[in-house]
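The values are calculated or read from the model by the stated rules, or taken from the named source; none is laboratory data. In this text the structure is predicted, and so the values were computed from the model without any measurement. Here the Cβ is made from the backbone with ideal geometry for all residues, glycine too, and neighbour counts use every protein chain on show.
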Amino acid sequence: MAVDPSVSILVVEDEQAQRKLIVEILERAGHELRAAADVDQALEAIGDEVPDLILCDWRMPGRDGGELLKDVRQRGLGCGFIVMTAYGSIAHAVEAIRLGADDYLGKPFEREALLLAVHRVIRTHRLERENRRLREVVGDENRFGRLIGGTPVMQRLYRTIEKVAATDATVLIVGESGTGKELVARTLHRSSRRGDAAFVAVNCAAIPETLIESELFGHEKGAFTGAHRRREGKFEEANGGTLLLDEIASMPMPLQATLLRVLQERKISRLGGSGEIDVDVRVVAASNRDLPQLVADGRFREDLYYRLNVVPIELPPLRDRRDDVPLLAKAFLEQAAARHGREVGALPPTVIRRLMDHGWPGNVRELANAVERLVLLAEDDGLDINDLPPALRGDADRTGPIRLPSEGLDWEAMEESLLRQALDRAAGTRAAAARLLGLTYKAFLYRLEKHDLGDGQSG
């Protein structure tokens with residue numbers, strides 16, 4: 001397990017022997033440790049220096065861990081918080097999650113369960129801090145919109161947007177459905193000198209072939225049956241601003257030639273018109289299809305492809321940036337709660353882990369819908385993992401024979417997912433997780449190490 005020696009941890013535990021053991025385990029893992037025997041000592045330690053993570057027992061003499069958690073969250077200190085509670089007091093863990101704890105550990109716990117929990121929370125908070133920092137570098141919230149992510153691939157995307165936004169270069173955004181292509185296009189627009197002008201989006205796949213030319217370039221009165229008045233097209237609507245041509249691969253071949261000429265000359269002609277109209281439009285195209293392959297198949301013009309592909313931006317699928325899932329889920333939770341007027345707590349760790357394990361074929365859009373469903377179905381006692389869509393409630397809970405998907409499967413990803421699920425069900429206890437998977441302890445340790453889910457020691 002990768003360890004960041006710069007991470008500081010405050011352990012709050014009234015039992016001296018337990019406190020000493022936790023400190024020793026975490027120090028051996030390379031962390032910087034401080035310890036407190038009660039809430040008052042913890043508050044004094046926080047006053048001197050805010051730690052990156054607080055590991056706190058729930059039930060202590062005098063003020064309990066809940067009071068410390070409330071104080072930390074009300075002050076907005078931004079540190080991670082893990083609650084330790086006895087197995088017989090899981091209700092305390094639920095309450096802690098409602099108050100804003102990031103995770104909980106049931107006592108007694110193994111060394112590996114402690115390290116895994118610490119690693120998860122530290123990683124999530126590091127990504128949150130990085131995301132905030134990147135927003136400060138790239139621009140304010142209004143400028144940078146709803147793009148969320150601190151993973152390296154997202155950092156590269158931010159830098160590309162920052163560089164390209166200041167130009168009028170044509171941009172081609174490619175990525176699977178649901179990855180946020182229109183959001184990136186809007187962000188480019190807001191970040192550019194055209195940000196105060198119009199942003200116009202056209203879905204080329206949603207317009208009948210007989211109408212798309214008129215939709216883009218407009219028409220004069222009487223140009224065709226039903227043209228009772230002159231109408232401006234999307235290029236004129238976007239004049240001075242940005243035009244997004246989404247699903248560009250669906251554009252008919254004859255119109256591709258017209259679009260190429262417009263991009264070259266910056267002039268359009270309305271259907272039925274005799275003159276040309278100058279347009280000052282930045283064009284952003286988007287596609288979820290393999291345009292080079294379409295070019296090779298003769299279904300997309302090669303010259304248009306190169307005209308559009310001045311600055312390519314490739315959006316990764318959500319499965320390739322799983323570390324961003326908690327950040328995205330938290331943002332979607334806040335948005336959905338505000339939109340529907342619901343008061344819900346934080347996402348429970350069990351839900352976050354299930355979200356992390358999912359393959360997300362529908363990408364960010366699927367995640368947003370799943371979180372909104374959680375908000376809509378939430379009861380007074382908080383968010384319930386059973387309110388997730390069926391596809392996310394866990395393959396391990398399904399009965400019946402296992403079937404090979406027609407498109408095949410990613411064996412390594414499936415193995416990692418099963419390891420995570422087993423550890424989750426076993427509350428981090430490796431021996432129990434190994435039994436759930438029908439593996440020997442040694443074989444289980446080998447697979448943990450292979451997927452960087454543990455340090456491979458027997459503990």
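Once the stretch 351-389 is narrowed to residues that are under 26 Å from P316 (Cβ atoms) and small (G, A, S), the residue that is modelled with the lowest pLDDT is G359.
If the condition is being within 17 Å of L116 (Cβ to Cβ) and modelled with pLDDT of 90 or more, then the stretch 1-26 contributes I9, V11, L21, I22, I25, L26.
The residues on offer are G65, G76, G30, G47, and the sole one that is within 30 Å of Y446 (Cα to Cα) and either surrounded by 22 or more Cβ atoms within 10 Å (Cβ to Cβ) or under 34 Å from the mean Cα position of the chain (by Cα) (or both) is G30. Just one of (1) under 34 Å from the mean Cα position of the chain (by Cα); (2) modelled with pLDDT under 90; (3) on the phi < 0 side of the Ramachandran plot fails for D57. It is (2). Of all residues in the stretch 307-341, those satisfying the criterion of being farther than 19 Å from T124 by Cβ and buried (at least 21 other Cβ atoms within 10 Å of the Cβ) are L308, L315.
Screening L147 against (1) under 29 Å from L419 (Cβ atoms); (2) outside any helix (DSSP H, G or I); (3) modelled with pLDDT under 80 leaves a single unmet condition, (1). Filter the stretch 252-297 down to the residues that are free of Cβ contacts under 8 Å to residues at least 24 places away in the same chain, within 23 Å of L315 (Cβ to Cβ) and in a helix (DSSP H, G or I) and list them by number. Within the stretch 252-297, P292, Q293, V295, A296 qualify.
Take A185 and tell me if it is out of contact with any Leu (no Cβ under 9 Å at 6 or more places or on another chain) and within 16 Å of L245 (Cβ to Cβ).
No; evaluated as a whole, the condition is false for this residue.
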